[in-house]
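Taking it in order: structure first as structure tokens, then the write-up.
The values are calculated or read from the model by the stated rules, or taken from the named source; none is laboratory data. All of these numbers come straight from a predicted model, not from anything done at the bench. All Cβ positions, glycine included, derive from the backbone under ideal geometry; neighbour counts span all protein chains shown. Remember, those area values only see protein heavy atoms, side chains included, never the ligands or the DNA or RNA. Shrake-Rupley method; radii C 1.70, N 1.55, O 1.52, S 1.80 Å.
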Amino acid sequence: MCIHRPDNILAFLNLIDISCPTRESPMMVYALHLIELHGRALPLFISHENHQNPEESPYCGDVVYAFGHHERRHKGSICALAFTAISPRKLMHEDICTLALNKTASLTVIPFHRKWAVDGTVESEDFELRGSDDREALFYAKRMAKSRTSGIGLSMVNFKPMVCEASDEGKKRDSEVLNEFTNVGGGEMVYVEEVVKDGAETELIVGEMVGEFDLIIVGRHWGVEFPQTLGLKGWSELPEMGVIGDILSSSDLKGRASVLVVQQQKTTA
């Protein structure tokens, strides 16, 4: 979990909680506080394994304390380690990738520079395979909904084209994922199919959904044109969010839902 600003901390702690960590299915959390390097010759990478407050920045102490306190609250189900990386902005991605690879992280969470304001508007904090990202997003959402006592409801909205051009292998994998979804158990589960002819219809439905949920999880799958998103790519302001993520980040939408964009790491054998 990569932390840039103080308000990232609470959002990430909430994300941990709704991910349903248990003693049977614990979570290892690495909190990486990223600080831009100013006026120093060499970057620094600090490990706070004993939850000690570093002297380099008072804010680092907030990160160390918050995640250490959360670990103690969920003893046995969460293990949290905090790190601080002080480096030039253009090199921050190297610290993120290095830590993720060294720790063999299953998921890397990075905050976006836009967020919902109190009045529901969007404000800025700073100036292959078909549907693989969507499946990855669904796998994580399923984990959140497994607990029978969390009170978390999960709704899956499947946008289907009027004419399906997916390969037989793609259809088979999608079918497997959908079957797994219906057998999750736990909290309230809702499955909805929306048949759309193009991106305009998808955008309309997504815009109507934004006020109904607290958290919306979407796959990124940028660079691949689907019938469901046809015509939307050319209007995207934020390609790093993917087509649907871009819609949900639009300043034209009115809502308070948080958005988590998931991208599957492509590896080679």
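Quick look at the numbers
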read-out	value
From ILE247, ILE205, residue being within 30 Å of ALA105 (Cβ to Cβ) and in a helix (DSSP H, G or I)	ILE247
Failed criterion for VAL210 (all others in (1) modelled with pLDDT under 75; (2) surrounded by 14 or more Cβ atoms within 10 Å (Cβ to Cβ); (3) within 30 Å of MET27 (Cα to Cα) hold)	(1)
Filtered residues of region 68-85 (kept if modelled with pLDDT of 90 or more and open to solvent by less than 20 Å² (accessible area, probe 1.4 Å))	HIS70, SER77, ILE78, ALA80, ALA82, PHE83, THR84, ALA85
Hits in region 142-175 - residues which are modelled with pLDDT under 85, of a type outside the set (A, V, I, L, M) and under 16 Å from GLY219 (Cβ atoms)	LYS142, ARG143, GLY170, ARG173, ASP174
Meets criteria (in a loop (DSSP other than H, G, I, E, B), of a type outside the set (Ser, Thr, Tyr) and at pLDDT 70 or above) for PHE139	no
Per-region count, region 213-249, residues crowded, with 18+ Cβ neighbours inside 10 Å and among the small types (Gly, Ala, Ser)	5
Selected residue (criterion: most open to solvent (accessible area, probe 1.4 Å)) from residues of region 251-269 that are among the hydroxyl-bearing types (Ser, Thr, Tyr) and under 19 Å from ALA137 (Cβ atoms)	THR267
Selected residue (criterion: nearest to VAL261 (Cα to Cα)) from residues of region 16-36 that are open to solvent by 20 Å² or more (accessible area, probe 1.4 Å) and part of a helix (DSSP H, G or I)	ILE18
